[in-house]
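Chemist: Below are the structure tokens for one structure; questions will follow.
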Amino acid sequence: MIRKISFLILFVSVVFLGARAQDVITPLDVAKIKSVTSLSVSPSGDYIAYTLSDPADPLKENRTSRNHLYLLEVSTGKTMSFVTQGSLGAAKFRPGNNSITFLSRRDGDSSTSLYEISLTGGEASRIYSASSSISTYVWAPDGKQLLYIAGEPKTADDSGPELPYEPEIYEEDLTFRKAYVHNMETGKSTTINMEGHFSAANWSPDGSSIVVVTSPSPLVDDFYMAQKISVLKAGSFEVMGEVDHSSKLGEISWSPDGKTLAFLAGEDIHDPAPGRLLVVPASGGTPKNLDKDYEGSFDDIEWKDNKTIVFLSSVGTMSEIGTIRSDGSAMKKVLSPKDINITSMHQIPNGGYAFLADSPMHPRELFIMGQNDKAPKRMTDSNPWLKDRKIAPQEVISYKARDGREIEGILIRPLNEVKGNKYPMITVVHGGPESHYNNGWLTGYSSVGQMGAANGFAVFYPNYRGSTGRGVEFAKSSQGDLAGKEFDDIVDGVDYLIESGLVDKDKVGVTGGSYGGYATAWLSTYYSDRF
């Protein structure tokens, strides 16, 4: 056994050293990839706070990645390291305080608490702790009142005998999350006395109202299918309006004058994803779907002015930023880049946009596009060592399914491909199925990507029917047909690549997680002649 283990270690070492000598991406490289995970723009537009993931060295320790805080000065492009102790999230500029706040759980904290650090630097200090962990928060416009969501405190349960193990029973003994308002000057906290499980809350621009999202219980089905939007009067928490809708919910945004809400949601209860853009008066009522025929998916929104909404959307395998009037008219593209995939977007107060984006050549980084810029500027380079690695070609492909429907996918070709040779292929199936692959960075912990290409594999990412990014009809097209045409689409893509001459039909594998795991189980049994 010792000899076998020694041989295995030697073999793995030789493989890794060989890979290094060839300057290709290895599993150890993937384990050290950093990426920008969030951004926040200061009210003046002079600074952008962003968080950067810091993965553990798998040869030294076993832990999750930590998020650290950095500050970018927009005018100079200079980046300053701000908070690198522990891990943090939800970094935001505090109105009127020349500071940044964030959530973290540090030594001595019994729960996730709120910390603050001055823009002039120094040490971050804890400024508020609740009786349980804070999951999300937002400052009132004056920076004096804190609106936050936290779980209800748990009471000791002595109803049963002590066990020699701790079972985890799915969706039993769940804790409701409630919303609270804390006055930082008086120290007084008030519970928003509404029934239900809170998942989101936000102040109106003048601080006079609060919009909240609740569901009847913490159950996952209620979270997805029974959330409702309510508008409350700040202070008394009297319900001033309720939105009449039945579908999955996404982001909610107030118009600058506080009269209108824009939000992302499904078209109806059968829409699998919150990819439609709707508006409704803050007094409640039935929302208006601004573009029900849009053959894309709205992913992020902000108001530009009282009549105009800026949006980030996915269209096929690409991303775009655009604007649309709140009555549904005058929709136009602002930015539709071919070489990067935008994942989140914020306006800069003095004009332009800050956004996070990845590409086939690099993981997620921070970009800025000023008001007068013709193209985005990349502001961070979190993995400079990638310049020394060979990256295999990546392309968007399109093929016909057996019933004639057009299907898209992404193909990473084998590194150092020789024309005329046939290659083994790994098929990577996304979960959901209400999600899709964009043409960006596709290499990670559970996605072989460039690692496979470096070892002589083609890697195929199909956006089978039921995927998002191509409108509601396409997203609904797999419903009522489990493991039917949706998975036939994947096989048709495999056959297309075999017929193209690239892929060896006897060497095709399949993998995936969640719904992609269901697909993997089905494809490797029902379609065992293909995989």
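Chemist: Can you pull out every residue in the stretch 427-449 that is among the polar types (S, T, N, Q) and in a strand (DSSP E or B)? Even if it seems obvious, please write down each step before you answer.
Modeler: First, pick out the residues of the stretch 427-449 that are among the polar types (S, T, N, Q): 427, 435, 438-439, 443, 446-447.
Selection gives THR427, SER447.
Chemist: Output the residues belonging to the stretch 209-248 that are open to solvent by 20 Å² or more (accessible area, probe 1.4 Å) and assigned to a strand (DSSP E or B).
Modeler: Within the stretch 209-248, LYS228, LYS233, VAL239, MET240, GLU242 qualify.
Chemist: Moving on to the next point. Among the residues of the stretch 353-405, which ones are within 22 Å of SER40 (Cβ to Cβ) and either aromatic (Phe, Trp, Tyr) or assigned to a loop (DSSP other than H, G, I, E, B) (or both)?
Modeler: Passing the criteria: TYR353, PHE355, PHE367, GLN371, ASP373, PRO376, MET379, THR380, ASP381, SER382.
Chemist: Quick check on the stretch 380-390: of everything there that is in contact (Cβ under 8 Å) with a residue 24 or more places away in the chain and of a type in the set (Lys, Arg), which residue is most open to solvent (accessible area, probe 1.4 Å)?
Modeler: LYS390
Chemist: Still on this structure, I have one more. Those residues that are in a loop (DSSP other than H, G, I, E, B), under 23 Å from ASP403 (Cα atoms) and in contact (Cβ under 8 Å) with a residue 12 or more places away in the chain, I need them from the stretch 491-519; list them, please. Please lay out each step first, then the result.
Modeler: First, pick out the residues of the stretch 491-519 that are in a loop (DSSP other than H, G, I, E, B): 500-502, 513-514.
Now restrict to residues that are under 23 Å from ASP403 (Cα atoms): 500-501.
If the condition is that a residue be in a loop (DSSP other than H, G, I, E, B), under 23 Å from ASP403 (Cα atoms) and in contact (Cβ under 8 Å) with a residue 12 or more places away in the chain, then GLY501 is the only one that fits.
Chemist: On the basis of being among the charged types (D, E, K, R), part of a loop (DSSP other than H, G, I, E, B) and under 21 Å from the mean Cα position of the chain (by Cα), does GLU295 make the cut?
Modeler: Values: among the charged types (D, E, K, R): yes; part of a loop (DSSP other than H, G, I, E, B): yes; under 21 Å from the mean Cα position of the chain (by Cα): yes.
Yes; evaluated as a whole, the condition is true for this residue.
Chemist: Still on this model: Check the stretch 406-426 and report whether any residue there is assigned to a strand (DSSP E or B) and without any contact (Cβ under 8 Å) to a residue 60 or more places away in the chain. Quick ask: steps written out before the conclusion?
Modeler: Of the stretch 406-426, the ones assigned to a strand (DSSP E or B) are 406-412, 423-426.
Then keep just the ones that are without any contact (Cβ under 8 Å) to a residue 60 or more places away in the chain; that gives 406, 412.
Scanning the stretch 406-426, I find at least one residue that is assigned to a strand (DSSP E or B) and without any contact (Cβ under 8 Å) to a residue 60 or more places away in the chain, so the answer is yes.
Chemist: Would you say ASP206 is in a loop (DSSP other than H, G, I, E, B) and under 21 Å from LEU290 (Cα atoms)?
Modeler: On the way: in a loop (DSSP other than H, G, I, E, B): yes; under 21 Å from LEU290 (Cα atoms): no.
No, not satisfied.
For (1) under 20 Å from ASN202 (Cα atoms); (2) in contact with a Gly (Cβ under 9 Å, 6 or more places away or on another chain); (3) among the basic types (Lys, Arg), each residue gets a yes or a no:
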{"residue": "ILE252", "(1), (2), (3)": "yes, no, no"}
{"residue": "GLY266", "(1), (2), (3)": "no, yes, no"}
{"residue": "HIS270", "(1), (2), (3)": "no, no, no"}
{"residue": "GLY275", "(1), (2), (3)": "no, yes, no"}
{"residue": "PRO281", "(1), (2), (3)": "yes, yes, no"}
{"residue": "LEU290", "(1), (2), (3)": "no, yes, no"}
{"residue": "ASP293", "(1), (2), (3)": "no, yes, no"}
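Chemist: I need the full set of residues from the stretch 298-316 which are touching a Ser or Thr at 6+ places or on another chain (Cβ under 7 Å) and in a loop (DSSP other than H, G, I, E, B), in order please.
Modeler: Correct list: ASN306, LYS307.
Chemist: Which condition number does HIS182 fail, the rest of (1) surrounded by fewer than 17 Cβ atoms within 10 Å (Cβ to Cβ); (2) of a type outside the set (Gly, Ala, Ser); (3) touching a residue at least 40 places away in the same chain (Cβ under 8 Å) being met?
Modeler: (1) is the only condition that HIS182 fails.
Chemist: Across the stretch 329-342, what is the total count of residues that are in a strand (DSSP E or B) and free of Cβ contacts under 8 Å to residues at least 60 places away in the same chain?
Modeler: In the first step, residues of the stretch 329-342 are kept if they are in a strand (DSSP E or B); the result is 332-335, 341-342.
Still in the list and also free of Cβ contacts under 8 Å to residues at least 60 places away in the same chain: 332-335, 342.
Going through the stretch 329-342 one residue at a time, the tally reaches 5.
Yes/no matrix, rows are residues, columns are (1) open to solvent by less than 50 Å² (accessible area, probe 1.4 Å); (2) within 19 Å of VAL315 (Cα to Cα); (3) among the polar types (S, T, N, Q):
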site: PRO363; (1), (2), (3): yes, no, no
site: GLY370; (1), (2), (3): yes, no, no
site: ALA392; (1), (2), (3): yes, no, no
site: ILE397; (1), (2), (3): yes, yes, no
site: ARG402; (1), (2), (3): no, no, no
site: GLY409; (1), (2), (3): yes, yes, no
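The values are calculated or read from the model by the stated rules, or taken from the named source; none is laboratory data. Keep in mind that what you see is a predicted model, and the values were worked out from it rather than measured. All Cβ positions, even for glycine, are placed from backbone atoms using ideal geometry, and neighbour counts span all protein chains on display. Only protein heavy atoms, including side chains, enter the accessible area calculation; ligands, DNA and RNA are left aside. Shrake-Rupley method; radii C 1.70, N 1.55, O 1.52, S 1.80 Å.
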